[in-house]
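The values are calculated or read from the model by the stated rules, or taken from the named source; none is laboratory data. Quantities reported herein were computed from a predicted structural model and do not represent experimental measurements. So basically every Cβ, Gly included, is an ideal-geometry build from the backbone, and we count neighbours across all protein chains shown. Surface areas here come from the heavy atoms of the whole protein model, side chains and all, with no ligands, DNA or RNA. Shrake-Rupley method; radii C 1.70, N 1.55, O 1.52, S 1.80 Å.
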Amino acid sequence: MSELKTTPEVCGMGHSMKRKEDARFLRGQGKYTDDVVLPGMLHMDIVRSPYAYAKIKSINTDAAMAIPGVHAVITGDVLKQYNLHWMPTLMSDTQMVLPTDTVMYQSQEVAAVIADDRYIAADAVEAVEVEYEPMQAVVDPFKSMQSDAPVLRTDKEGKTDNHIWHWETGDKDSTEKAFQNADVVVKENVYLPRIHVASIETCGCVASFEPAEGKLTVYMTTQAPHAIRTVVALVAGHVGLSEEKIRIISPDIGGGFGGKVPVYPGYVIAIAASVVIGKPVKWVEDRSENLQADSFARDYHMSVELASSSSGKMEALRIKTVADHGYTDAAANPSKYPAGMFSICTGSYDIKNAFTEMDAYYTNKPPGGVAYRCSFRVTEAIHAIERIVDVLAQKLDRDPADLRMQNFIQPEAFPYQSALGWEYDSGDYPRALKLAMDTIGYDDLRKEQAEKRAKGELMGIGLSTFTEVVGAGPSKDFDILGIKMFDSCELRIHPTGKAIARFGTKSQGQGHETTYAQILAEELGIPAAHIQIEEGDTDTAPYGLGTYASRSTPTAGAAAAKAAHKVRDKARKIAAHLLEVSEEDLEWEVGKFYVKGSPEQSKTIQDIAFAAYTNHPQGLEAGLEATHYYDPPNLTFPFGSYICVVDIDPKTAEIKVRRFVAIDDCGNIINPMIVEGQIHGGLTQGLAPAMYEELIYDEDGNILNGNFMDYLLPTAVETPNWETDRTVTPSPHHPLGAKGVAESPTVGAPPAIANAVVDALSHLGVENMDIPITPYKVWQVLKEKGAVA
Amino acid sequence: MIPPSFEYLTPSNISDAVALLQKHGDEAKILAGGHSLIPAMRLRLAEPGYLIDISGIGGLDYIQEESGQLRIGAMTCEAALEESEIVQSKYPLLLDTAKMIADPSVRNMATVGGNLAHGDPANDHPATMLALRASVVAEGPNGTREIKIDDFFPDFFTTALAEDEILTEIRIPSPPSASGGAYLKIERKVGDYAAAAVACQLNIDSSGSIENIGLGLTNVGSTPIRASSAEELLKGKKPDENMLAEAGRLAAADSEPMEDLRGSAEYKRALVNELTQRAIKLSLQRAEGSR
Ligand SMILES: Cc1cc2nc3c(=O)[nH]c(=O)nc-3n(C[C@H](O)[C@H](O)[C@H](O)COP(=O)(O)OP(=O)(O)OC[C@H]3O[C@@H](n4cnc5c(N)ncnc54)[C@H](O)[C@@H]3O)c2cc1C
């Protein structure tokens, strides 16, 4: 969107308005869950299992209870009395709140201590004596699937193996035929390892039950407060918690990334403790607990095959995946999509035949997997396709940019029906790739690479031309436990022409207080500075499914525009009354209605707002407000073209990302500065798994790097200079033409980096390397290929 | 991540601190910058009953060159090394090392004395001090003594300090003219301990031959390691590429790395080999430049 419709004072779409929320964040005045302090509040700490798989023989709480200041030690047996020792997951599996007999992963919650302060609680945790009988853990899903593997979920009656579900989509037969007839077939095993969102704020809550009123208030680090309220009402209804008496407040959140969608046992225990003791109970995880016990992301073992003609026309794609879900399927997908939107795996290419199937297995590892800054398994899908396209290019001895150009879905083909069932809304892939290539100087880089290679130097160029699928979603397909995935806006205009709007989503750093205000400013002409945005309190906000999967702009952003239109419809009636003309004679221009043909006769939105409360027309309700629940007609499909250049030290194998150009297209842009910021953050969270992050377990299920000394989060020092630019291809079905952006870079960056490293080593016969690609891994490859002594 | 309770003591002079150490024996620990000790306490790996904080004792924070020695007070923080003019102008190896330790916020707290006294072979200063042929001063109930750095790290996480001794000073011989040094470290990310690192300090004569050389290796053994066979090879020589390669091989052979998350022993040896060659080359360049 090039031209601005509003002045800088109004600050509608397209203005780089400074973030309203930063005034408090930069002053250290954000209010997070751990900042909540209530009178009489107690503190909870959790006893965790040192074993990945063990029988609990006994739990002795006497010594802990004897410590002054300890109020209670809660065990699975205590919760069992209330039938709260198990809970459902969002994927309709079951998860222990606290175990009564068996622990299923290292760091699993075993018991909880409630004490006067955090320090006493920590000492009491040490004093709880648990006797375990360790059993041989099953850590590898390929072992878990064997017929002689021990059945892990013995709690499930009749379960005879560790298989969770099978899912498939696409035309198996036509794909098979295409493979049989193809000139060229490439195949690669691609693993996306288990990682963790590692948000800087860990998870926690303050549960406060007031016995007199029977009202439960929970301050909680959640991305989806309304869904949590309903889940609590459904799960704990039998102990007297009724939905009107449950209030979930999600204060400021220090990063969510999908990790704050699930309900963790700690929340439930804190709530139960508050109900039983009748006092507020605070629980905040420490870093290691967060890393070791909360839901993981990824962990897909993908076997990827691509068929093409000898001239490089892609004809068929087939992916078979083994998903490791840990001991329970605690993914946070829309209910009908056990593998999320993995079927976006045909990516940006016109591939007519595709088939993908997946089997999920239990192992003795923490449950998951959450959609870490990606719209439900899109990162996995895009990594698979972007890697295999490069493998094909290598096999055909074709330039990977050229091969992509040949196979792109062409701009005129939109809306495009993909072989796996998606209707892509809009796109112009060749334009984005061309811009990326021009920006980075692609042809010169290829020449440089050839010269360097001749001298024994290692340099690689990697591409990723991805398509995302975000904004879940249309109610016909998308729900979570039956609740449709619409989202909402409730808008009120005050007499002085200022406004407040509340939403069913919940910002965790995305800048909603600014961007939603800008959308409303665009549609109403009220300055964004004078539009207050609120989210996260279920007693005040309209119902919505929360913020994840880049859905806020596609759903709640659209709801804002629609609510504003409803307000405008009523404003027109009031303006007609004030100007004594009929409604049809009025024309809207940002911020005012004027009489057609005589623009000097006009009423501003402020005049109209005042009249709505002081002089409303007879027969019309007073006030000026509207609510809209937006059910999107389709998802949105942002896309991008990334190019990465790496240099590798031929002796030490250190990898330097020399350049990284990211061209993103998220349709029309609400706030360019915020988009830019989101892309920088997302690219860095793409760099992280590409080169640094992985949760590592030994064969007994012990986590080897459950802390930030060894789970390597890149810092500003490791982060390259991101060179960003954009193309704009509006969404045809979204009221603002916008798409959603914050996850594209997390999805797009890892394959660009992996492709660059593999490209640097391709002349040695390297076809694939699994991320994270560390210098040590590269050194091992160099060693294997005889390139280092 | 919360330590058990402990008693926090704040002596105002060294003899009081020593007296406290004597009184509480192995239940007590000196607290300097706290950036090795407190992480261990938070994980309840160290559970001292008494913490003797020596940060209130004056006069332990200095960097001075006198009578042919650089003297560093034990409580001098890494950031002070980085900012010191004398370090910047004459001790490139120390400057390189300080810059490679952790990150700026840690370097504002972590002390040079603590870095040595912790006895951790993964810490960076031990190898540096080996290369510089430093010594440390310890003060105990019977007064002070000077300990050669080669005698200071007898075993894994062990130092030559007695239970009731406090490290007060580090002494480094001032380098002669035409000296150069360098510290090269491979880490997985900033703030990480070394996968392997090499410290080199040398000086050259008028013909460009190496007169004296010190080589120290970080985190490739249960103690910091002096690469003595490489030192011997190079002494009195003007090394060509082949001799450098041989020095790298010898240093790698002197290392005793173990496999861990940073990589295999073989990988770490390969790093020692390469880093040794590079550190010597860079030191030679710097020595030439300082003529
Ligand atoms: C995130 C992080 C990253 C780090 N990265 C690195 C790195 O890359 N390289 C590196 O070398 N170090 C690193 N460190 C360690 C850091 O440099 C330590 O702070 C340092 O090793 C110890 O110094 P300190 O002053 O903090 O000592 P403390 O932690 O206070 O003490 C350490 C030990 O030494 C003893 N001690 C301290 N001073 C004396 C004294 N004067 N006399 C007798 N005993 C004493 C203490 O009793 C204790 O046992 C890192 C630390 C952190 C937290």
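Between B:179, B:206, B:84, the GNM of chain B built on Cα springs shorter than 10 angstrom shows B:206 fluctuating the most.
How shielded is B:265-272 by partner chains, expressed as the average number of their Cβ atoms within 10 Å of its Cβ atoms? Please list the in-between numbers first.
On the way: counts 0, 3, 8, 1, 0, 8, 7, 0.
So the per-residue partner count for this stretch is 3.
Gap in Å between the Cα centre of the stretch A:447-487 and the Cα centre of the stretch A:363-415? With the stretch A:363-415 and the stretch A:447-487 each reduced to a Cα centre, they are spaced 6 Å.
Can you give the Rg/Rh ratio of the stretch A:718-789, where Rg is from the C-alpha atoms and Rh is the Kirkwood radius? Intermediate values should be presented prior to the final figure.
Numbers: Rg = 18.0 Å, Rh = 15.2 Å.
With Rg and the Kirkwood Rh in hand, the quotient comes to 1.18.
Looking at the stretch A:730-789, the trypsin sites (Lys or Arg not before Pro) that sit in a DSSP loop and have at most 14 other Cβ atoms within 10 Å of their own Cβ are A:785.
So what's the net charge close to residue A:598: Lys and Arg +1, Asp and Glu -1, counting the other residues with Cβ under 14 Å from its Cβ? Don't skip to the answer; put the middle values down first.
Values: positive: A:592, A:596, A:603; negative: A:580, A:585, A:587, A:589, A:600.
Charge balance near residue A:598 sits at -2.
Label-to-label distance for residue B:47 and residue B:26 is 1.5 nm, based on points extended 7 Å past Cα in the beta-carbon direction.
Spacing of the modelled spin labels on residue B:222 and residue A:496, each 7 Å from Cα toward Cβ, amounts to 7.5 nm.
Largest first, the three principal axis extents of the alpha carbons in the stretch B:7-53 are 30, 19, 13 Å in whole numbers. Of all stretches in chain A that contain no GluC sites (Glu not before Pro) in a DSSP loop with at most 13 other Cβ atoms within 10 Å, the longest one is A:214-579. Applying the criteria of a DSSP loop state and at most 14 other Cβ atoms within 10 Å to the chymotrypsin sites (Phe, Trp or Tyr not before Pro) of the stretch A:683-789 yields A:708.
Within the accessible area of chain A, the carbon and sulfur atoms contribute 50%, probe 1.4 Å, all protein chains present. Ellipsoid fit via the Cα gyration tensor, the stretch B:179-286: semi-axes of 24, 13, 11 Å, each the root of five times an eigenvalue, largest first.
Please find the FRET efficiency linking residue A:728 to residue A:565, where r is the Cβ-Cβ separation and R0 is fixed at 22 Å, and quote it to the nearest 0.05. Before the final figure, lay out the partial values.
On the way: r = 23 Å, r/R0 = 1.03.
That gives a FRET efficiency of 0.45.
Taking a straight line from the alpha carbon of residue A:5, these aspartates and glutamates sit under 16 Å away, with near neighbours fewer than eight places off in the same chain left out: A:522, A:523, A:587, A:589.
Pairs spanning more than 25 Å between alpha-carbon atoms, out of A:172/A:313; A:562/A:603; A:20/A:245: A:20/A:245. If R0 equals 25 Å, the separation of the Cβ atoms of residue A:159 and residue A:242 corresponds to a calculated FRET efficiency of about 0.15.
Across the residues of A:279-288, average count of Cβ atoms on other protein chains within 10 Å? Please report the intermediate quantities before stating the final value.
Values: counts 0, 0, 0, 0, 0, 0, 1, 3, 2, 3.
Mean inter-chain Cβ contacts per residue within 10 Å come to 1.
The modelled label-to-label distance for the pair residue A:719/residue A:29, using points 7 Å beyond Cα in the direction of Cβ, is 2.6 nm.
Translational diffusion coefficient of the stretch A:628-781 at 10 °C, 1.306 mPa s, Stokes-Einstein with Kirkwood Rh over Cα pairs, in µm²/s as a whole number. Don't skip to the answer; put the middle values down first.
Details: Rh = 17.3 Å.
Here the translational diffusion coefficient equals 92 µm²/s.
Alpha carbon centre of the stretch B:80-134 versus the stretch A:205-238: separation in Å? So the separation of the two Cα centres works out to 52 Å. For chain A, the 222 nm mean residue ellipticity estimated from helices alone, with every DSSP H stretch of n ≥ 4 adding -39500 (n - 2.57) and the total spread over all residues, rounds to -8500 deg cm²/dmol. With loop defined by DSSP as not H, G, I, E or B, and exposure as at most 15 other Cβ atoms within 10 Å, which is the longest segment of chain B clear of exposed GluC sites (Glu not before Pro)? Longest gap between qualifying sites, sites excluded: B:1-162.
How much length would be gained if the chain were fully extended between residue A:764 and residue A:481, taking 0.36 nm per residue of separation minus their Cα-Cα distance, in nm to one decimal? Walk me through the numbers before you get to the answer.
Values: separation 283, 0.36 × 283 = 101.88 nm, distance 5.03 nm.
Roughly 96.9 nm would be gained on extension.
From the Cα gyration tensor of chain A, with a ≥ b ≥ c the square roots of its eigenvalues, which class applies: rounded if a/c is under 1.5, or else prolate if a/b is larger than b/c, or else oblate? Cα axes put chain A in the oblate bin.
For the stretch A:129-234, the solvent-accessible area with a 1.4 angstrom probe is 48 square angstrom per residue. The length gained by stretching the chain between residue B:144 and residue B:106 to full extension, at 0.36 nm per residue less their Cα-Cα distance, is 10.7 nm.
Given 25 °C and 0.890 mPa s, how large is the Stokes-Einstein diffusion coefficient of the stretch A:480-635 in µm²/s, with Rh as the Kirkwood radius over Cα pairs? Write down the numbers at each step before the final one.
Numbers: Rh = 16.0 Å.
It comes out at roughly 153 µm²/s.
Quick one: which of A:724-733, B:121-130 comes out on top by average Cβ neighbours within 10 Å, and what's the full order, highest first?
On the way: A:724-733: 18.9, B:121-130: 27.3.
Descending mean neighbour count gives B:121-130, A:724-733.
For the stretch A:1-150, the orientation-averaged shadow of the C-alpha convex hull comes to 16.9 nm² (one quarter of the hull surface).
Multiply the residue separation of residue B:285 and residue B:162 by 0.36 nm, subtract the distance between their alpha-carbon atoms, and state the gained length in nm to one decimal.
On the way: separation 123, 0.36 × 123 = 44.28 nm, distance 4.07 nm.
Working it through step by step, the gained length comes to 40.2 nm.
Just tell me how shielded A:774-780 is by partners: mean number of partner chain Cβ atoms within 10 Å of each residue's Cβ, no decimals.
On the way: counts 5, 7, 10, 1, 0, 6, 4.
Taking all residues of A:774-780 together, the mean is 5.
Summed over the residues of the stretch B:42-152 and divided among them, the accessible surface reaches 40 Å² per residue at a probe radius of 1.4 Å.
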